[in-house]
Structure formats: structure tokens, C-alpha cells
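Below: one structure, written as C-alpha cells.
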Amino acid sequence: MANKIPSGPRSIALVGPYSSGKTSLLENMLLAAGAISRKGTVKEGNMVGDGSPEAQSRQMSVEISAATFDHMGELLTVLDCPGSLEFLQESCNAMIGVDAAVVVCEPDLDRVGATMPLLRFLGERKIPHMIFVNKLDRASTSVADFVSALGGVSQQPLVLRQVPIGDDESVTGYVDLLRECAYRYTDDGESEPIEIPAGMADEVARARTDLLEALADFDDTLLEKLLEDEIPPVGEVFANLHDAFQQGLFAPVLFGAAERQSGVRRLLKALRHDVPEAAASAARVGLDQGGDVVVQVLKTYHTASSGKLSLARVWRGTLKDGSTLKGRRVASLSRMLGQATTKVPEAAAGEIVALGRMDAVQTGDLLSSGAEVAAPDAIKMEAIRPVYALAVKAENRADEVKLSDALHKLADEDPSLIVESNLETHQMMLWGQGEIHLQVALERARNKYNLPLHTERPTVPYKETVRKTATRVQGRHKKQSGGHGQFGDVFLDIKPLPRGSGIQFSDKISGGVVPKQYIPAVAHGVQDYCKRGPLGFPVVDVAVTLVFGSFHAVDSSEMAFQTAGRIAMGAAMPQCRPVLLEPIFHVDVHIPNEFTAHIQRLLSGRRGQILGFEARAGWHGWDTVSAQVPQSELPDLIIELRSLTRGVGTYDNRFDHLQELSGKLADDVVAAAAEAAQ
Ligand SMILES: Nc1nc2c(ncn2[C@@H]2O[C@H](COP(=O)(O)OP(=O)(O)OP(=O)(O)O)[C@@H](O)[C@H]2O)c(=O)[nH]1
Ligand SMILES: [Mg+2]
């Protein structure tokens, strides 16, 4: 069986836990391919992948960096993704648009859990992916133990393509299980052929059998050969592996040390042989071949020099500079190499290029040169739900419009940032995935838009209600200040209502003691008062009935009755035992089950009412703990949750109900609101 090398432009995403060496790997791939002549380092802050000031100041990736380069006569685009789970959206969006992904990990058992969201994403969508176990120059864990632990969280079987040579401290080379030959890493990045070390024969034979048996699960001919103890030809095994990889049926595992160039060329070769062609990827995601040009925006950048750049994958056809997409002209087409861009006249299917000034398009959009094409489910991007928020304020009041504009641009760049102008608390809220995520976004707002700003803790939208009734409480407004006077006189009954009823106003006026035309004005006065009750918060769940009153033929007016309504409320409400209501959220916390007991304690400590826990559907070894937790306890929950769970815990939440709060906690809330109102 001949194994034809795929051709045409292709693309991959480098994903993996925080600091596993993705950006270093990209740098060393570029060097090995001859796309750069001198490599940068994380320390010097001069790697192609981490060009933005926010990435450099933190020595970590904070958004997708794209690098398109020539590898042995074919174009390859690599999307280097940030590893921090706070930037998971970037990885998800990148994985949607590429032909294959490389999950870069370091052999550390504590960090296996951090690969779970990525491996699930890849597994569910059957996106072809391989594992690159990096940093083998200083591995502290046995590689075999690590791969076996990783296999426990992967949906697809993991299959070793290589066996490392060396001890658990340091790896000096590898045995290629398909070719059955061994190589030693050298300082210049080339691998030098050596004999398979004598002591490794059994280990190699075992690993090779595992590989063949894993492949045979997907191929009956191979299975028959193995059952008859026949040794399949290398070419045939390569072809089997190639097919199974392309269908996303299993993930091959390769090794190396990116920073030392070890295993980097081998990885590039594996990518060259195995990453599917553009047409196969289009078929995988459910896009027909032929027809109009179709591209998808994977990432949006707002740059100082070139305005808005939309990083887009060409799914179908050849996109030409100056052509129209979704009725809009493409102002420019460029290949990216980190921050650098090079204009090109066209981009073929499989390429990932930057489109200039497509102001109206957004990340995720599928753009066609002709009739609109609906995005197949496999490439629909979903925004990850936010778990952390800060209220943002411009230092100068005059900058408020600029602030809103800047925040919306940030959200345009990163769909997991959400800007919300909260009508209840009157705060401009920025929602995201955690502290670092928001810090980076705000730093960008300061740097790019020259906008001095500060942040505040989000205000909890407390409410208040009453626990007792009051009857016939009078509100009388009378003013005689020369000329026309003002007169309104009302009597109100007040009654508590069940949660969720709101303010219900009615009247029992007979005999016209309050003329009909003034009754809506009384209701207005009541509503007006309810914006801020005796404790200082909006009033809810109260029935107010206008039962009696009087008027003056000349001096009564709508205004006067509105004021009378407000006065009556002001007199009546404090008599009705006002009580604070705090918002309670239903929270589902997702964690590896070794942390379940810990998390229950954490939630109880935050006044949470634990409802129970169960295995998280589809997540092997994970639990979901459900609880009802006061909103005031939620703002920094994600920070503590992550620090307790090696960064992988997360939660969903939704408003559930309002609940009475009394005692010292309530007194503190009321006192703080009174102070803020001064
Ligand atoms: N020992 C060793 N260290 C490495 C290797 N590759 C990368 N590193 C180091 O690992 C750290 C993180 O490297 P990066 O390339 O920034 O990792 P990353 O995965 O891009 O990190 P994020 O994008 O922030 O998730 C740096 O200190 C690198 O010098 C390697 O092969 N061996
Ligand atoms: Mg990085």
C-alpha cells in the first residue's frame, strides 16, 4: 500500500497546558524549517509567538499567534495557542479551524487534568491530533507513567510511535516503532541513527505490539495478519496509521525537547505525512467541495498599524485579494509570522490568512463569496461562559464612551470576554474567565487605546421587602405658596407578597374621594419610592392598595398626588419590618473527584447550601457538586476553586431566587450602602 504524502497548504494548532512549551516548539519548528535564522527565547521575550506587549510582560501566551511558513515545499500554518485555561476560548477557536492539532504536554502527572478540556474537545469532534511530550531533557516523571495517565483522560486511545531512550531523568534519543530503528538527539537538532540499545529489545517489542494491536482495532486485514502471526509490511502499517489518524480514531504520541530541537524535525515530518489535506478537512466538518469560496474567521486582532485584522481559514476555493466576501470587499490578504505580516495576492484552501479591515465580521463568522453558507455544527464556535467579573470605570468621566468602545473591541477580539452594562447596579461589567484574563484585557485597553481606567468589585443587586402589613397610612402633601397651591392626600394599605410578585398596586376608592385621573399618579409615586426603600435598596414583592384620600378642587394635581403617594410609602414602609433580600445562585461546580470533599467544604464556607453531587456526565473521574450560593460569595469563587484543583475546576451558575438576609451580615450590607450613598 503506497503512502502518498498529502499536498497543498495545511494548518495545525499547538495546544496544551500552561507553560508546556508550545511557543518554544513553534520557534524551533520555524528554525528547523528555515523560516527564521535565529531563535528567540521566552526569557528574552523575542519569540515569534509571543510578540504582543501583554504576552511579553507576563512571559506567557495570551492569544493565538499564527505563523505560516514553507516546510519542504508546502505551506504550513501553525496556530500557537495560550495554555492557561483562562484563555481556553482561543484554543477552541483555533482547533475548529485547523487540519490537525498537536497537544503539547510536559511529563508531569499533576498536569494531566489540565489536558482534559482539550482532549475532550478534540475527541468529541474527531479532530485529528497527536501528543507531543515535551521537556524530556528534564523529565521528573516516568514517561510511560505519564502517557498511561494521559490515556486515562483521552477519549481516543493513545499509541506510542516512539519509545524514549535514556533514564527517567533525561532522554537522549528514541526508538522509532514503525521503522524499528533508533536515533540519538544531537545538539544541532538532527537525529543520528544508532543501534537499538540491547536492553530495550523487550520494551520495544511490547510497545510495537501495542501499536499494531491498536491499529488492528480499526483494520480487519491487519487484525487477520496479526492473528496469523504474520508481520505486516512497514508501508502497510504506515498507511493504516495515516488513515486512523486522519479519521481522529487515535492519537499517536511523540517525544522531544523543543528548546533543544530534540524531536522537532521528527514532529515536522510526522505532520507532513499525516496532517489531512484541506479537502479532507472540509469533508470532515461537513462542507461540500466545489462552489463559492468559503472562509471562517478564527481570531480577530485590532492592531495599531493595520486596524482590524481577521485571521481566517480558507475552507473552500481560492480567495483572491480584492474579492468580496459576504458582500464586502477584502481590503488586503496577508500571511502572518507572529506580529509580522506579508501581503499575498491569494490564499488557497487550507491556508490561514489575515483579512484586512473587514470591520463588520466577527470571530466565528463563515463568509462566502456567493450565497450564504450555514456553518455546519462541527465548526460552530461557542463562547465559553464567563465565571469572573470586574466593574470597570474610566478615570476621567469624559472617557466613558471611549471606554465602552474599547471594551467592545476587546470582546470582538476574544469572544469569551463579555461586556455588560448592568442596569440594576449601573456598573460597566467586564466578564471573563479569571483574574489574568481580565488583567490582560484591561492592560490592552490601557496600552492600545491609551485609556486610564480602574476596576471595582461588582455590586451585588440586593433588594428589600417587608414582613408585616400596615393599614391606612396617610400621605398628605399640601403647599400654599402664593398663587396656585398643591394638594394631594392618600391612605395606603401595605401587604407582603410571595417572592417574584414584584410591586402590585391597586385601589379601592369609592365615591371619588381620589378622582380617577389622579390614581395613576399615586401609583407612580409608589413606584418611585420603591426604587429605594427604607434600607436603601429597590423594594420588591409588596402589594400597595390605595384605600382612601381627599382632594382639592383647585390645588390638586397629578404632581401633588404623586408626591402624596411617595410620602405615604415613606411613612408606611418602616412600620412593616423591612428585610434585606439577597440573590442566591444555583451553582454546579465541576472538578476531578479527588477534590469533591474539598469543594463541598469550600462551598459551605461560603454560606452555600449543598444540594448533592454526582459523576459529571461524559467526564471520566470528574464530579459535579451542586449548591445554592449567595451571589455575594461568588465573585472570587473561581480563583479559590482553581487554586484548590490545580487550575482545572470550573463552574456554571444561574440566578435562582431571592432570600431574606438578617443579622450582622445584613446590617453590614445596609451600612455599606448608606455610606456609599452619602
Ligand atoms: N527544559 C526545557 N524547558 C523548556 C522546553 N521547552 C520550553 N521550555 C521552557 O518552558 C517554559 C514555557 O515555555 P513556552 O514556550 O512559553 O510554553 P508555552 O506552552 O508556550 O506557554 P503558554 O503559552 O503560556 O501556555 C519556558 O521557560 C521555556 O524555556 C524544553 O524542551 N525543555
Ligand atoms: Mg505560549
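The values are calculated or read from the model by the stated rules, or taken from the named source; none is laboratory data. Fair warning: this is a prediction, and the values are worked out from it, not measured in the lab. Here Cβ is always computed from backbone atoms with ideal geometry, including for glycine, and neighbour counts include all displayed protein chains.
Please state which one of 199, 235 is modelled with pLDDT under 90 and under 30 Å from residue 34 (Cβ atoms).
It is 235.
Determine if region 484-501 includes at least one residue that is surrounded by fewer than 18 Cβ atoms within 10 Å (Cβ to Cβ) and among the hydrophobic types (A, V, I, L, M, F, W, C).
yes
One line per residue, one yes/no per condition, for (1) assigned to a helix (DSSP H, G or I); (2) within 30 Å of residue 657 (Cα to Cα):
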{"site": "493", "(1), (2)": "no, yes"}
{"site": "506", "(1), (2)": "no, yes"}
{"site": "509", "(1), (2)": "no, no"}
{"site": "514", "(1), (2)": "no, no"}
{"site": "524", "(1), (2)": "yes, yes"}
{"site": "529", "(1), (2)": "yes, yes"}
{"site": "533", "(1), (2)": "no, yes"}
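So, residue 23, is that one more than 13 Å from ligand 1 (Cβ to nearest atom) and in contact with a strand residue (DSSP E or B) (Cβ under 8 Å, 6 or more places away or on another chain) or not?
It is false that residue 23 is more than 13 Å from ligand 1 (Cβ to nearest atom) and in contact with a strand residue (DSSP E or B) (Cβ under 8 Å, 6 or more places away or on another chain).
Could you please find all residues in region 258-269 being modelled with pLDDT under 95 and away from ligand 2 (no atom under 16 Å from the Cβ)?
260, 261, 262, 263, 265, 266, 269
Residue by residue through region 5-40, note down the ones that are within 12 Å of ligand 2 (Cβ to nearest atom), among the polar types (S, T, N, Q) and part of a loop (DSSP other than H, G, I, E, B).
19, 20
Could you give every pair whose Cβ atoms fall below 9 Å, whose first residue belongs to region 222-236 and is within 9 Å of residue 212 (Cβ to Cβ), and whose second residue is of a type in the set (S, T, N, Q), counting only separations of at least 6 or pairs across chains?
The qualifying pairs are 222/240; 226/209; 232/221; 232/240.
Given the criterion surrounded by fewer than 16 Cβ atoms within 10 Å (Cβ to Cβ), free of Cβ contacts under 8 Å to residues at least 60 places away in the same chain and either assigned to a helix (DSSP H, G or I) or not hydrophobic (A, V, I, L, M, F, W, C) (or both), identify the matching residue among 144, 149.
None of the others qualify; the one that does is 144.
Any residue in region 91-99 that is farther than 27 Å from residue 620 by Cβ and either among the hydrophobic types (A, V, I, L, M, F, W, C) or away from ligand 2 (no atom under 13 Å from the Cβ) (or both)?
Yes, there is a match, as at least one residue in region 91-99 is farther than 27 Å from residue 620 by Cβ and either among the hydrophobic types (A, V, I, L, M, F, W, C) or away from ligand 2 (no atom under 13 Å from the Cβ) (or both).
Do you know which residues across region 4-20 are out of contact with any Leu (no Cβ under 9 Å at 6 or more places or on another chain), more than 8 Å from ligand 1 (Cβ to nearest atom) and among the polar types (S, T, N, Q)?
Answer for region 4-20, where residues must be out of contact with any Leu (no Cβ under 9 Å at 6 or more places or on another chain), more than 8 Å from ligand 1 (Cβ to nearest atom) and among the polar types (S, T, N, Q): just 7.
Just to be sure before I move on: is residue 41 of a type in the set (Ser, Thr, Tyr), buried (at least 24 other Cβ atoms within 10 Å of the Cβ) and within 15 Å of ligand 1 (Cβ to nearest atom) in the structure I sent?
no
So residue 113 passes all but one of these: (1) small (Gly, Ala, Ser); (2) within 16 Å of ligand 2 (Cβ to nearest atom); (3) under 19 Å from the mean Cα position of the chain (by Cα). Which condition number does it fail?
Failed condition: (2).
Of everything in region 41-57 that's within 11 Å of ligand 2 (Cβ to nearest atom) and β-branched (Val, Ile, Thr), which residue is modelled with the highest pLDDT?
Top of the filtered list is 48.
How many residues are out of contact with any Phe, Trp or Tyr (no Cβ under 7 Å at 6 or more places or on another chain) and modelled with pLDDT of 90 or more when one looks only at region 436-451?
6
Output the number of residues of region 541-582 satisfying the condition of being within 18 Å of residue 470 (Cα to Cα) and not aliphatic (A, V, I, L, M).
12
Does residue 74 meet the test of being of a type in the set (Asp, Glu) and within 14 Å of ligand 2 (Cβ to nearest atom)?
no
In this structure, is residue 650 out of contact with any Phe, Trp or Tyr (no Cβ under 6 Å at 6 or more places or on another chain), hydroxyl-bearing (Ser, Thr, Tyr), without any contact (Cβ under 8 Å) to a residue 60 or more places away in the chain and not assigned by TED's automatic domain parsing to the domain that holds residue 108?
No; evaluated as a whole, the condition is false for this residue.
Go through region 340-444 and tell me which strands (runs of 3 or more DSSP E), entirely inside it, have 3 or more residues that are touching a strand residue (DSSP E or B) at 6+ places or on another chain (Cβ under 6 Å) and without any contact (Cβ under 8 Å) to a residue 40 or more places away in the chain.
Filter on region 340-444 gives 340-343, 418-421.
How many residues does region 330-359 contain that are more than 28 Å from residue 46 (Cβ to Cβ) and modelled with pLDDT of 95 or more?
5
Exactly one condition in (1) surrounded by fewer than 20 Cβ atoms within 10 Å (Cβ to Cβ); (2) part of a loop (DSSP other than H, G, I, E, B) is false for residue 570; which is it?
Unmet for residue 570, out of (1) surrounded by fewer than 20 Cβ atoms within 10 Å (Cβ to Cβ); (2) part of a loop (DSSP other than H, G, I, E, B): (2).
For region 446-467, which positions are touching a residue at least 40 places away in the same chain (Cβ under 8 Å) and assigned to a helix (DSSP H, G or I)?
Matches in region 446-467: 447, 448, 449.
Out of region 167-201, which residues are of a type in the set (A, V, I, L, M, F, W, C) and either within 21 Å of residue 107 (Cα to Cα) or in contact with a strand residue (DSSP E or B) (Cβ under 8 Å, 6 or more places away or on another chain) (or both)?
Once the filter is applied, which keeps residues that are of a type in the set (A, V, I, L, M, F, W, C) and either within 21 Å of residue 107 (Cα to Cα) or in contact with a strand residue (DSSP E or B) (Cβ under 8 Å, 6 or more places away or on another chain) (or both), region 167-201 yields 171, 175, 177, 181, 182, 194, 196, 200.
Name the one entry in 127, 165, 131 that is surrounded by 15 or more Cβ atoms within 10 Å (Cβ to Cβ) and either over 26 Å from residue 15 (Cβ atoms) or touching a His at 6+ places or on another chain (Cβ under 7 Å) (or both).
Just a single option satisfies the conditions, and that option is 165.
Looking at residue 654, is it more than 21 Å from the chain's Cα centre (by Cα) and surrounded by fewer than 18 Cβ atoms within 10 Å (Cβ to Cβ)?
Considered against the rule, which asks whether it is more than 21 Å from the chain's Cα centre (by Cα) and surrounded by fewer than 18 Cβ atoms within 10 Å (Cβ to Cβ), residue 654 comes out as no.
Going residue by residue through region 555-565, is there one that turns out to be surrounded by 22 or more Cβ atoms within 10 Å (Cβ to Cβ), modelled with pLDDT under 95 and not hydrophobic (A, V, I, L, M, F, W, C)?
Looking through region 555-565, at least one residue is surrounded by 22 or more Cβ atoms within 10 Å (Cβ to Cβ), modelled with pLDDT under 95 and not hydrophobic (A, V, I, L, M, F, W, C).
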